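What follows is one structure encoded as structure tokens, with my remarks underneath.
The values are calculated or read from the model by the stated rules, or taken from the named source; none is laboratory data. Bear in mind the structure is a predicted one, so any value in this text is a computation, not a measurement. Cβ placement follows ideal geometry from the backbone for every residue including glycine, while neighbour counts extend to all protein chains displayed.
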Amino acid sequence: MICPFCGEENIQGQENCIQCGEDLTAFEARGKRDKLERSLVKDALLPVAQCEVLAVSPNSSIESVAKDLNAFNRSCLVVEGKELKGIVTVRDIFKKAMFKDLDLSKTPVSQIMTPNPETLGPKDSLAMALNKMSLGGYRHIPIILGPGRFSVISVRDILAYLVDQLPED
């Protein structure tokens, strides 16, 4: 059996992946998988992820980031040089900056970002993304495409993709 989390080949009946240690019992072969289940386990993130990513400097003001997020309505990666430093979402701005005693035009976004966020690679599966989102309580996860190249996947992106996999009837 191929581990849906890391892609390692495991012996059929193995309870935990020999590479990453994830529990495989829920993925035991139960006959044919439907298209939706195959999509979750096998489809890579890159075709599903957002193509346009908003990236800002750690010194960008919360106010300017909030204005940009209003147009994108998603998330923003905080990047310095080619290195991912953090992620900021509309939810972060609302919970960490609004109604606080902060001057949003002068306070850097680095004060409210989630530093060193969990990341995935472009070949990781949708199941891996959903697992990380569920365990960490995230709605967005950055995808590292290469040095200084990023994408983001959100719960919304995954749901839209999975809805497209459902049968028409």
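Structural remarks
- Filtered by the rule that a residue be part of a strand (DSSP E or B) and touching a Lys or Arg at 6+ places or on another chain (Cβ under 8 Å), segment 113-148 gives 115, 120, 125, 140, 141.
- Residue match in segment 116-133 (condition: more than 10 Å from the chain's Cα centre (by Cα) and farther than 20 Å from residue 4 by Cα): yes
So that you can scan it fast, the table gives a plain yes or no per residue for (1) closer than 26 Å to residue 26 by Cβ; (2) of a type in the set (Ser, Thr, Tyr); (3) buried (at least 19 other Cβ atoms within 10 Å of the Cβ):
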{"site": "136", "(1), (2), (3)": "yes, no, no"}
{"site": "144", "(1), (2), (3)": "no, no, no"}
{"site": "149", "(1), (2), (3)": "no, no, no"}
{"site": "158", "(1), (2), (3)": "yes, no, yes"}
{"site": "166", "(1), (2), (3)": "yes, no, no"}
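- Number of residues in segment 133-169 that are under 13 Å from residue 47 (Cα atoms) and among the hydrophobic types (A, V, I, L, M, F, W, C) equals 7.
- Figure legend. Inter-residue proximity from segment 68-95: first residues under 16 Å from residue 112 (Cβ atoms), second residues aromatic (Phe, Trp, Tyr) and at pLDDT 90 or above, beta-carbon distance below 6 Å, spacing 6+ or different chains. Indicated pairs: 77/150.
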